[in-house]
Amino acid sequence: MQDAGFVRQAFASIARRYVVANHVLSLGIDCLWRRTTSKRIAKLAPKRVLDLATGSGDLAQAVQAACPDAKVLGADFSVPMMREAQIRHFHRLVAADGMALPFQDGAFDVLTVGFGLRNMASWPKALQEMSRVLRPGGRLFVLDFSIPRVPGIRQLYLFYLKHIMPRIAGWITCQRGAYEYLCGSIERFPSGKEMEELICANGFQSAHGTALTFGIASLYEAQKQS
Ligand SMILES: C[S@@+](CC[C@H](N)C(=O)[O-])C[C@H]1O[C@@H](n2cnc3c(N)ncnc32)[C@H](O)[C@@H]1O
């Protein structure tokens, strides 16, 4: 659970360098994770997709490219982050807080949230809102960082997360403090079975997580309870 005011301020401060920092810190692998997510979504042939916590719109654009017939909408509570999406020519955007979405019940077939749920003030409340705006049977895709479980890789990654990532991100964005928070939030965020249970306790069924790149990221797919 995070302090919304702090999170908003942190993203406003890194907005202009967010995409560059992402690609450098992940060596471009973040693009592959978004592509994997959009390929899965394309199989569902959705008509209405909400990308919550869209930020710079990278995931929204990947989903739109994979699903040309869908209407993909991005929503975020940070206007400076969404300005980056506009610069990247993604314009279907709405300013909205994940805790109280300005959409009718059942408005979407698919909802995606990439690296966003982790930063929200209440994970259960955010998931319940996501469930509310999905149609019965609609699908949720949560893409986020996780900590690898394989011994050796786990220790190496934790060292990178605590000591290297905030330093490199600090050089790129001049906002080391924001990345110290973001890196710390990854360790506190549930993953694997724990995340599947959290999703199923808040309006969804059959949540299933897939570890990506040794478990550095995870993609969870779930269906809205009917
Ligand atoms: C790490 S960025 C992710 C951007 C994008 N989804 C991606 O794949 O790179 C996290 C985004 O979550 C947004 N966010 C955090 N809490 C939010 C909330 N309660 N409601 C809406 N957006 C939120 C932030 O403003 C930020 O743009």
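Only the coordinates and a few stated rules stand behind these numbers; no lab work does. This is a predicted model, so every value here is computed, not measured. In this analysis, Cβ positions are derived from the backbone assuming ideal geometry, glycine residues included, and neighbour counts consider all displayed protein chains.
Scanning the range 1-57 for residues that are over 14 Å from the mean Cα position of the chain (by Cα), assigned to a helix (DSSP H, G or I), of a type outside the set (A, V, I, L, M) and more than 8 Å from the ligand (Cβ to nearest atom) returns Gly5, Phe6, Gln9, Ser13, Arg16, Arg17, His23, Ser26, Lys39, Arg40. With respect to (1) within 15 Å of the ligand (Cβ to nearest atom); (2) out of contact with any Lys or Arg (no Cβ under 9 Å at 6 or more places or on another chain), the lone exception for Pro68 is condition (1).
Take the range 89-108 and flag every residue that is assigned to a loop (DSSP other than H, G, I, E, B) and within 12 Å of the ligand (Cβ to nearest atom). The answer is Phe90, Ala96, Gly98, Met99, Leu101, Pro102. Gln86 meets the conditions (1) surrounded by 15 or more Cβ atoms within 10 Å (Cβ to Cβ); (2) in a helix (DSSP H, G or I); (3) within 16 Å of the ligand (Cβ to nearest atom) in every case but one. The failed one is (1). Taking every residue in the range 106-128 that is on the phi > 0 side of the Ramachandran plot and pairing it with any residue that is within 11 Å of the ligand (Cβ to nearest atom), at least 6 positions away or on another chain, the pairs with Cβ-Cβ distances below 7 Å are Phe115/Leu143; Phe115/Asp144; Phe115/Phe145. Ile164 satisfies every condition listed in (1) crowded, with 20+ Cβ neighbours inside 10 Å; (2) of a type in the set (Val, Ile, Thr); (3) free of Cβ contacts under 8 Å to residues at least 24 places away in the same chain except (1).
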